[in-house]
Amino acid sequence: MLDRLNHIAIAVPDLQTATRQYTETLGATVSEPIEIAEQGVTVVFIELPNTKIELLEPLGENSPISGFLEKNPSGGIHHICYEVADILKARDKLQADGVRILGDGEPKIGAHGKPVLFLHPKDFQGTLIELEEV
Ligand code: CO
């Protein structure tokens, strides 16, 4: 089912500080910030030769990453995203195996304009997993 690692997302309390650190300390190329209001995050993308890193900062009052940052005030790895060829087939197989899909179980359009789903972290070793159809 799993294909390439698409990205690792890191929640950060201050996107500007994190961007500066990745740029100046690590020498990475970091995109301009993109506000994704419907997901409650501002994101920057860091392209690496073999994958991407996304830095997420809460946007608005009810950001889904606010609670995570309350528990992890200095930030932390929030989720990892694997590519799948057929997201509905993947979902049906996972649900049949008892994995909980977050939300209503229907794929949403993610930060890259492709259908995504999130799997319950309690069903996967405490790791929030995003699946993206590529
Ligand atoms: Co993601």
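Yes/no matrix, rows are residues, columns are (1) open to solvent by less than 50 Å² (accessible area, probe 1.4 Å); (2) under 19 Å from Ala11 (Cα atoms); (3) touching a helix residue (DSSP H, G or I) at 6+ places or on another chain (Cβ under 9 Å):
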| position | (1), (2), (3) |
| --- | --- |
| Ile36 | yes, yes, no |
| Gly40 | yes, yes, yes |
| Glu47 | no, yes, no |
| Lys52 | yes, yes, no |
| Gly60 | no, yes, yes |
| Pro64 | no, yes, yes |
| Gly67 | yes, yes, no |
| Leu88 | no, no, no |
| Leu94 | yes, no, yes |
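Looking only at the stretch 109-123, count how many residues are in a loop (DSSP other than H, G, I, E, B) and closer than 26 Å to Glu47 by Cα.
5
Any residue in the stretch 13-36 that is assigned to a loop (DSSP other than H, G, I, E, B) sitting within a Cβ distance under 9 Å of a residue that is open to solvent by 100 Å² or more (accessible area, probe 1.4 Å) and of a type in the set (Ser, Thr, Tyr)? List the pairs, counting only those 6 or more apart or interchain.
The qualifying pairs are Pro13/Ser74.
Looking only at the stretch 69-79, which residues are within 11 Å of the ligand (Cβ to nearest atom) and open to solvent by less than 30 Å² (accessible area, probe 1.4 Å)?
The answer is His79, and nothing else.
Kindly establish whether Leu102 is aliphatic (A, V, I, L, M), closer than 21 Å to Ala18 by Cα and in contact with a His (Cβ under 7 Å, 6 or more places away or on another chain). Can you show your working first?
Numbers: aliphatic (A, V, I, L, M): yes; closer than 21 Å to Ala18 by Cα: no; in contact with a His (Cβ under 7 Å, 6 or more places away or on another chain): yes.
In short, no.
The values are calculated or read from the model by the stated rules, or taken from the named source; none is laboratory data. Note that the structure is predicted; figures quoted are calculated from it, not measured. Neighbour counts are summed over all protein chains in view; Cβ atoms, including those assigned to glycine, are modelled from backbone coordinates with ideal geometry. The protein model used for the area step is the full one, side chains on, heavy atoms only, and it has no ligands, DNA or RNA in it. Shrake-Rupley method; radii C 1.70, N 1.55, O 1.52, S 1.80 Å.
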